[in-house]
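Data block below; observations after.
The values are calculated or read from the model by the stated rules, or taken from the named source; none is laboratory data. Small disclaimer: the values here were computed from a predicted structure and weren't measured. Virtual Cβ from ideal backbone geometry, glycine too; neighbours counted across all protein chains shown. When the accessible area is computed, the model is the full protein with side chains, heavy atoms only, and any ligands, DNA or RNA have been set aside. Shrake-Rupley method; radii C 1.70, N 1.55, O 1.52, S 1.80 Å.
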Amino acid sequence: MKLAHLLPLLLPVAMNFAPAARGQATPAPTTQRTAPMILTVSAWPDGGPIPVKYTQAGEQISPELKWTNVPAGTQSFVINMLDPDVAVQRGTETQPHWIVWNIPGTATGLPEGMKQGAELPDGSRQISASGPQYRGPGAAANGPMHHYTFEVYALDTKLDLMPSTAAQPVGAALETRANVMKAMQGHVLGKAVYVGLFRRPQ
């Protein structure tokens, strides 16, 4: 049989093999990214002005914090509130406004008006430049707005450490924060940040 007569018969066979050959290539797997942790403060919008109630010019009570999209395996949370506009002791350290660690991994936030005390009923511990309590914003009226930053970390462990016993509250807070941050290394599953602006009223 001549080649010209065979072509109509061979063409469908070749076409059937082509898709099979193309189908051998394995498509690249699609990796699903988990949603990032989100921190919210009900008292003001992210990046907005902090009401006087939560500052040194007012009642100085801690705001309500809430977090969502907690990573699987979270055993505890750490809150680090700082003022990055302040260079403490003429160095690179920021003002330690509030460090809370060993917050239970089942928590979804902190209520408004946290009580004072180095250790709280749920097992969490706290310290600030004012002692074992929340320290509200207090930027001077004759300067710029300060960017008070709240960080929440989700950890896969609890931190076996106590607050520093340094004599000066600022020194104790700085030392404790350094110890907390060091202990957190290799255990952070997620992080979220929220910012508020404040300076004292004129």
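So which residues in the range 138-186 are part of a loop (DSSP other than H, G, I, E, B) and under 28 Å from Asn69 (Cα atoms)? Let's see the steps before the verdict.
First, pick out the residues of the range 138-186 that are part of a loop (DSSP other than H, G, I, E, B): 138-145, 156-168, 185-186.
Answer for the range 138-186, where residues must be part of a loop (DSSP other than H, G, I, E, B) and under 28 Å from Asn69 (Cα atoms): Asp156, Thr157, Lys158, Leu159, Asp160, Leu161, Gln185, Gly186.
Identify all residues within the range 89-117 that are modelled with pLDDT under 95, in a loop (DSSP other than H, G, I, E, B) and loosely packed, with under 12 Cβ neighbours inside 10 Å; write none if there are none.
Gly91, Thr92
Identify the residue in the range 54-70 that is crowded, with 17+ Cβ neighbours inside 10 Å and part of a loop (DSSP other than H, G, I, E, B) and, among all such residues, is nearest to the chain's Cα centre (by Cα). Explain how you work it out, then say what you get.
Step one: of the range 54-70, the residues crowded, with 17+ Cβ neighbours inside 10 Å are 54-55, 57, 60, 62-63, 65, 67, 70.
If we keep only those that are part of a loop (DSSP other than H, G, I, E, B) as well, we get 55, 57, 60, 62-63, 70.
Working: Thr55: 22, Ala57: 27, Gln60: 23, Ser62: 17, Pro63: 16, Val70: 10 Å.
Filtering first and then ranking leaves Val70.
Take Val86 and decide whether it is over 21 Å from Gly73 (Cα atoms), assigned to a helix (DSSP H, G or I) and open to solvent by 40 Å² or more (accessible area, probe 1.4 Å).
Numbers: over 21 Å from Gly73 (Cα atoms): yes; assigned to a helix (DSSP H, G or I): no; open to solvent by 40 Å² or more (accessible area, probe 1.4 Å): yes.
No; evaluated as a whole, the condition is false for this residue.
Pairs under 7 Å by beta carbon, first residue at positive phi in the range 93-110, partner surrounded by fewer than 18 Cβ atoms within 10 Å (Cβ to Cβ) and in a strand (DSSP E or B), six or more apart or different chains?
From residues that are at positive phi, the pairs are Gly109/Lys66.
For the condition in contact with a strand residue (DSSP E or B) (Cβ under 9 Å, 6 or more places away or on another chain), modelled with pLDDT under 95 and buried (at least 16 other Cβ atoms within 10 Å of the Cβ), what is the one hit in Val170, Val152?
On the way: Val152 fails: modelled with pLDDT under 95.
One residue alone meets the criteria, Val170.
So if I check each of Glu64, Glu93, Glu59, Glu112, which one is touching a strand residue (DSSP E or B) at 6+ places or on another chain (Cβ under 7 Å) and of a type in the set (Asp, Glu)? First the steps, then the outcome.
On the way: Glu93 fails: touching a strand residue (DSSP E or B) at 6+ places or on another chain (Cβ under 7 Å); Glu59 fails: touching a strand residue (DSSP E or B) at 6+ places or on another chain (Cβ under 7 Å); Glu112 fails: touching a strand residue (DSSP E or B) at 6+ places or on another chain (Cβ under 7 Å).
Just a single option satisfies the conditions, and that option is Glu64.
For the range 118-133, state whether one or more residues are open to solvent by less than 20 Å² (accessible area, probe 1.4 Å), part of a helix (DSSP H, G or I), under 24 Å from Met37 (Cα atoms) and in contact with a strand residue (DSSP E or B) (Cβ under 9 Å, 6 or more places away or on another chain).
no
Within the range 37-53, track down each residue that is open to solvent by 50 Å² or more (accessible area, probe 1.4 Å) and either in contact (Cβ under 8 Å) with a residue 12 or more places away in the chain or among the basic types (Lys, Arg) (or both).
Taking the range 37-53 and keeping what is open to solvent by 50 Å² or more (accessible area, probe 1.4 Å), we get 38, 40, 42, 45-46, 49, 52-53.
Residues satisfying the conditions are Ile38, Thr40, Ser42, Asp46, Pro49, Val52, Lys53.
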